[in-house]
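The values are calculated or read from the model by the stated rules, or taken from the named source; none is laboratory data. This is a predicted model, so every value here is computed, not measured. Neighbour counts run over all protein chains shown; Cβ positions are idealised from the backbone, glycine included.
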Amino acid sequence: MKRIFSILLFSWSLAGLGAHSVSAQIQPSRQPVDSSGTQQIDGVAARIEDDIITESEVRELSAFQQLVDGQPKSRAEVLRDLADQWLIRGEASTARYGQPSSADVDRAYNEFVKQFPSPKIFEQRCADAGLSGAAVRRMIQQQLYLARFIDYRFRPAAQVTDQQVADYYRDDFVPQLKARKAEIPALDDVEDTIREVLIQRAITDREEKWLDESRPRLRIDIVSKAGGS
């Protein structure tokens, strides 16, 4: 999940989507429909506290992660990601954090499609992963909501100094460009971009620490092991 957040959140933030935005429970897709149009009977993959994770949620997130990363995660990893999302949703619900607008979701969806060589290839990758366009848009909305809340919660504490920006420019940014024999811009021209990179790193570090501390307190019962680990 954190990899998806880092990919999508940073690209959207630089695209100008603004500050970041769940219900208290996981919202399962009941009676999912497969690519052939056949209705499937949903099942319970796991129980988490007084809620459930459905088989359709496992399938859909796994397919979306395959679309993003090019390869699927294990079932155990997907279930862990869904449990992390459940935690974040609970925090967002308590904070009464609002859902992203339809316009924001549209922009995020369009930005996501642009990550692929062409719309046709995007459609083919979706088909290969077993995802409809509507399902991808729904997943984009969910990920945008979660990523925005994480940004909202941890950005205030993710302070970056001018010295840290200068150090990154000298030690990371410039050497990478030199290795590619690319033109090196002045620090003033890329300062804001570098600062945002470092802020996103700090946000991710704080998110990981919070999730690591929160997971052991969760009561999770894996109900089904269908499809392997």
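Worth pointing out:
- Every condition in (1) within 27 Å of R153 (Cα to Cα); (2) among the hydrophobic types (A, V, I, L, M, F, W, C); (3) not in a helix (DSSP H, G or I) holds for F116 except the one numbered (1).
- Scanning segment 68-84 for residues that are part of a helix (DSSP H, G or I), more than 14 Å from M139 (Cβ to Cβ) and not hydrophobic (A, V, I, L, M, F, W, C) yields a count of 4.
- Of the residues making up segment 90-106, one or more are modelled with pLDDT of 95 or more, outside any strand (DSSP E or B) and basic (K, R).
- Qualifying residue in segment 201-208 (condition: farther than 30 Å from Y152 by Cβ and surrounded by fewer than 15 Cβ atoms within 10 Å (Cβ to Cβ)): no
- Unmet requirement for D84, which otherwise passes all of (1) modelled with pLDDT under 95; (2) out of contact with any Gly (no Cβ under 9 Å at 6 or more places or on another chain); (3) at negative phi: (1)
- When M139 is tested against (1) under 20 Å from F64 (Cβ atoms); (2) surrounded by fewer than 21 Cβ atoms within 10 Å (Cβ to Cβ); (3) touching an Asp or Glu at 6+ places or on another chain (Cβ under 8 Å), only condition (2) is not met.
- The single residue among G130, G90, G98 that is under 27 Å from L211 (Cα atoms) and surrounded by 14 or more Cβ atoms within 10 Å (Cβ to Cβ) turns out to be G90.
- A count restricted to segment 91-106 and to residues that are among the charged types (D, E, K, R) and closer than 20 Å to E207 by Cα stands at 2.
- Qualifying residue in segment 52-67 (condition: part of a strand (DSSP E or B), of a type in the set (D, E, K, R) and either modelled with pLDDT under 95 or surrounded by fewer than 18 Cβ atoms within 10 Å (Cβ to Cβ) (or both)): no
- Looking at R170, R201, R195, R206, just one residue is assigned to a helix (DSSP H, G or I) and in contact with a Phe, Trp or Tyr (Cβ under 8 Å, 6 or more places away or on another chain), and that residue is R206.
- Taking the listed residues S102, S118, S56, S74, the one that is within 16 Å of Y145 (Cα to Cα) and over 15 Å from the mean Cα position of the chain (by Cα) is S102, with no other qualifying.
- Pairs with Cβ under 9 Å, 6+ apart, first in segment 189-201 and closer than 13 Å to A166 by Cα and among the aliphatic types (A, V, I, L, M), second part of a helix (DSSP H, G or I) and at pLDDT below 95: V197/F10
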